[in-house]
Amino acid sequence: MKRLFSAVSFFCAALLTAGLFLLPASVSGKDVELKFDGRPKIGEPYVIAVNSRQVRTYRMKLVGISNPPRRRETHEIHAVGELVYQSLDPLVIQFKVEILNQTVDGVKTDYAPLAGMTAIVRSSGVNLRDIPLGTDDDAAESVLGGGSGEASGTKGKTKAEIRAMLPGARRLIASMFSAPLDRPEDYLGKSRKVKPGEKWTASAKPMLEAIRANGLELSEDKVTATATYNKASKVYEGDVTAQNVFFLAESGTIPGYDFKLEVYFQFPEDGDDPPLRVERSATEVVNRAIPEGVPGFSGSVMDCVTTVTSDVVMIRKSKMKAKKKNWFLDLFD
């Protein structure tokens, strides 16, 4: 389910934020031409902020036991930086780190001393090819002020301590940028004329392909997908006009399997760029019965519930009028 449940994907990521988008009660107003096929501008810097959280819970429902064994895994990512697309095919991205940390099962690793370092991400399709940050010695030198920038958090850090952080930073950046880059047009179409409050049937094909790739054959009638246009709003301190679209996909009656995906898109009014903000909430439930005849487990069931919430904000710097130093860093406070 990598398309649905990757920690971060630029074009398909969402975290439900109460009150941010209000579903209209009725269709009204003039037709609006919405464009869903915007592409990043090559060579232009974008400011990007990422928050994501994945929780996976395993539970064994044992016959005759009221408190079944349970295991819980959590993974959180928080990142802020500057992104420059050098190429779209093949994908080559330059990411300059400002904030980078992750928390795995309650243990936080903060890569603050790497602020100012630039990572080059090269990928083709779903396969990450490499994330070169230079040799470890060269990279450590640059973080300490000999190259790409000096971070305020490096005080008291030795070259060896900085070098020891690099493998973990590589893995974290890989988890952020190596997901399949689903595009909004794959679900919503390239463009559409709609009124505020209008709902239409969206495409569930990308999700069906991902589910089938993971070994579960589903027919199209087992998944419903709809989209609703929720009118325009001013965002980013009133600097930018966004067109708000809500996407919902749900599975039907499928023995042992269920999922729900909710996505809130904020598209730029001119349609030139990818979404300004993509917020997602996704839940997948898999039930598997223990085969009959296994001693002590007859009739027992293993549950696996995966919940992903994520929020990706990306806006071209040239479109931002606000110049407050910490404006973008405060987005998620």
Exercise for the section: Given the conditions (1) surrounded by 17 or more Cβ atoms within 10 Å (Cβ to Cβ); (2) farther than 17 Å from I48 by Cβ, report the number of the one that A79 does not fulfil. Expected result: (2)
Fill in the blank from the handout: Flagged in the range 205-256 as among the β-branched types (V, I, T), within 30 Å of M302 (Cβ to Cβ) and touching an Asp or Glu at 6+ places or on another chain (Cβ under 6 Å), in numbering order, are T224
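Looking at the range 87-111, which of its residues are closer than 24 Å to R183 by Cα, out of contact with any helix residue (DSSP H, G or I) (no Cβ under 7 Å at 6 or more places or on another chain) and surrounded by 14 or more Cβ atoms within 10 Å (Cβ to Cβ)?
L91, V92, Q94, K96
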Handout entry: Selected residue [within 25 Å of D273 (Cα to Cα) and β-branched (V, I, T)] from V55, V107, V50
Key = V50
Exercise for the section: For residues that are charged (D, E, K, R), outside any strand (DSSP E or B) and within 22 Å of the chain's Cα centre (by Cα), scanning just the range 280-333, find the one that is modelled with the highest pLDDT. Expected result: K317
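Rundown of residues vs (1) crowded, with 19+ Cβ neighbours inside 10 Å; (2) touching a Pro at 6+ places or on another chain (Cβ under 8 Å); (3) under 29 Å from G29 (Cα atoms); (4) among the polar types (S, T, N, Q), yes/no style:
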{"residue": "P206", "(1), (2), (3), (4)": "no, no, no, no"}
{"residue": "L216", "(1), (2), (3), (4)": "no, no, no, no"}
{"residue": "S219", "(1), (2), (3), (4)": "no, no, no, yes"}
{"residue": "V223", "(1), (2), (3), (4)": "yes, no, no, no"}
{"residue": "Y229", "(1), (2), (3), (4)": "yes, yes, yes, no"}
{"residue": "V235", "(1), (2), (3), (4)": "no, no, yes, no"}
{"residue": "A242", "(1), (2), (3), (4)": "yes, yes, yes, no"}
{"residue": "A249", "(1), (2), (3), (4)": "yes, no, yes, no"}
Exercise for the section: Would you list the strands (runs of 3 or more DSSP E) that sit entirely within the range 192-279 and hold 2 or more residues that are among the hydrophobic types (A, V, I, L, M, F, W, C) and at pLDDT 80 or above? Expected result: 223-235, 240-251, 257-268
Exercise for the section: List the strands (runs of 3 or more DSSP E) that sit entirely inside the range 93-178 and contain at least 1 residues that are modelled with pLDDT under 85. Expected result: 118-124, 127-130
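The values are calculated or read from the model by the stated rules, or taken from the named source; none is laboratory data. Here the structure is a predicted model, which means the values were calculated and not measured. Here Cβ is always computed from backbone atoms with ideal geometry, including for glycine, and neighbour counts include all displayed protein chains.
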